[in-house]
Amino acid sequence: MIKSYKTIRYLNRTWAIITSLAVMLYLIFPVFWLLMSSFKMPVELFASPPKIFPEAFSWSNYVKVLLDASFLDSLKNSFIVAIFTTSASLIIGTLAGYVFARYRFKGKKTLLILILGTQMMPFVIILIPLFVIMRRLQLIDTYLGLIFAYMTFSVPYAIWMLNAFFKTIPFELEEAAMVDGCTRLKAIWKVLLPLSRPGVTSTGIFVLIGAWNHYLYATVLSESVTRTFPIRMQNFMGQERVIYEQMYPAAILGSLPILIIVFIFQKNIISGLTSGGIKS
């Protein structure tokens with residue numbers, strides 16, 4: 001009986017490891033293929049049968065991309081829009097999330113549901129109204145127009161996430177700070193935000209990723225001046241052919257900033273997600 005139990009336990013563990021490895025391979029292999037293809041020459045990209053590894057690792061494709069001024073401008077535009085969108089969303093989300101977490105007022109639950117409802121609508125539904133508003137305000141092809149547009153989906157997300165994190169922190173800590181002479185805003189800055197740093201960090205990272213990768217609004221609201229990285233990637237697909245030899249290294253270079261940020265803050269992201277999931 002004991003041997004059969006150990007055998008079943010061993011088989012279950014082996015099956016779990018094999019399944020995990022298979023899922024990991026399924027998720028990682030496309031990225032690995034992209035990385036290897038970025039070093040291939042154009043002839044190798046269309047080889048039959050396809051080759052996973054290049055015959056010789058060539059950096060010429062990366063050099064061509066880095067010498068492309070329009071690509072560097074698109075990275076700059078994405079960086080500006082993503083940073084300001086994240087900053088504004090965290091400020092508004094912190095203040096609004098605090099109000100929902102600490103105050104009681106009529107219609108609070110209804111308003112929270114309405115805010116959540118905006119996250120359930122497809123982005124394309126408000127695309128035309130946004131375009132009309134931005135055109136009348138003369139914000140087409142401007143950083144401010146893109147930031148305001150991106151905030152329509154990032155601010156509700158930040159409010160809901162931060163509201164959940166703020167509820168996990170006892171209000172008595174803020175009361176003690178206010179008894180010692182802090183104003184409410186100072187108590188938020190000195191007490192609440194340091195304690196909810198994992199939640200704020202994880203929320204900010206996901207808002208940043210969403211703003212960096214967003215494609216739909218940028219196709220309509222940006223032109224030559226504020227063309228972002230996803231739109232620049234589209235330009236590699238011409239009428240005659242797709243410039244794969246430059247698209248692959250451009251995709252790698254465009255992903256590096258987000259990967260570096262996630263790597264730096266990975267501990268805060270993991271602790272933020274787990275604490276929010278357990279306590280809220």
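The values are calculated or read from the model by the stated rules, or taken from the named source; none is laboratory data. Keep in mind it's a predicted model, so treat the numbers as computed, not measured. With ideal geometry, Cβ positions are generated from the backbone for all residues, glycine too; neighbour counts draw on all protein chains shown.
Got a sec? Which helices (runs of 4 or more DSSP H) wholly within the stretch 90-173 have at least 2 residues that are within 28 Å of LEU185 (Cα to Cα)?
Values: elements: 108-120, 127-136, 143-167.
The qualifying helices (runs of 4 or more DSSP H) are 108-120, 143-167.
Take SER202 and decide whether it is loosely packed, with under 13 Cβ neighbours inside 10 Å and touching a residue at least 40 places away in the same chain (Cβ under 8 Å).
Working: loosely packed, with under 13 Cβ neighbours inside 10 Å: no; touching a residue at least 40 places away in the same chain (Cβ under 8 Å): yes.
In short, no.
Considering every residue within the stretch 31-48, establish whether at least one is surrounded by 10 or more Cβ atoms within 10 Å (Cβ to Cβ), modelled with pLDDT of 90 or more, of a type in the set (Phe, Trp, Tyr) and in contact with a Pro (Cβ under 8 Å, 6 or more places away or on another chain). So far as the stretch 31-48 goes, yes, one or more of its residues are surrounded by 10 or more Cβ atoms within 10 Å (Cβ to Cβ), modelled with pLDDT of 90 or more, of a type in the set (Phe, Trp, Tyr) and in contact with a Pro (Cβ under 8 Å, 6 or more places away or on another chain). Among the residues of the stretch 174-190, those that are surrounded by fewer than 13 Cβ atoms within 10 Å (Cβ to Cβ) and in a loop (DSSP other than H, G, I, E, B) comprise ASP180, GLY181, THR183.
In the stretch 36-56 there is no residue matching the filter, namely being of a type in the set (Lys, Arg), assigned by TED's automatic domain parsing to the domain that holds VAL200 and free of Cβ contacts under 8 Å to residues at least 40 places away in the same chain. Of the helices (runs of 4 or more DSSP H) lying entirely inside the stretch 1-68, those containing at least 3 residues that are among the small types (Gly, Ala, Ser) and over 27 Å from LEU253 (Cα atoms) span 2-37. Residues of the stretch 126-152 that are within 17 Å of GLY210 (Cβ to Cβ) and either free of Cβ contacts under 8 Å to residues at least 60 places away in the same chain or not assigned by TED's automatic domain parsing to the domain that holds PHE79 (or both): ILE126, PHE148, THR152.
Is the stretch 139-155 home to any residue that is among the hydrophobic types (A, V, I, L, M, F, W, C), farther than 29 Å from PRO257 by Cβ and more than 18 Å from the chain's Cα centre (by Cα)?
Checking the stretch 139-155: not a single residue is among the hydrophobic types (A, V, I, L, M, F, W, C), farther than 29 Å from PRO257 by Cβ and more than 18 Å from the chain's Cα centre (by Cα).
The numbered conditions (1) surrounded by 14 or more Cβ atoms within 10 Å (Cβ to Cβ); (2) more than 16 Å from GLU245 (Cβ to Cβ); (3) touching a residue at least 24 places away in the same chain (Cβ under 8 Å) are all true for LEU72 except (3). Residues in the stretch 1-30 that are surrounded by fewer than 10 Cβ atoms within 10 Å (Cβ to Cβ) and charged (D, E, K, R): LYS3 alone. For beta carbons closer than 6 Å, sequence separation of 6+ or different chains, a first residue in the stretch 235-249 that is farther than 15 Å from PHE71 by Cα and in the same structural domain as LEU72 (by TED's automatic domain parsing) and a second that is aromatic (Phe, Trp, Tyr) and assigned to a helix (DSSP H, G or I), there are no qualifying pairs. Here the stretch 223-247 is the region considered, the condition is being assigned to a loop (DSSP other than H, G, I, E, B) and touching a helix residue (DSSP H, G or I) at 6+ places or on another chain (Cβ under 6 Å), and the residue that is modelled with the lowest pLDDT is PHE236.
Output yes when any residue across the stretch 235-245 is surrounded by fewer than 18 Cβ atoms within 10 Å (Cβ to Cβ), basic (Lys, Arg) and over 30 Å from LYS40 (Cβ atoms), and no when none is. Before the answer, list the steps.
First, the residues of the stretch 235-245 that are surrounded by fewer than 18 Cβ atoms within 10 Å (Cβ to Cβ): 235, 237-244.
Going one step further and asking which of them are basic (Lys, Arg), we end up with 241.
If we keep only those that are over 30 Å from LYS40 (Cβ atoms) too, we end up with none.
The answer is no; no qualifying residue exists.
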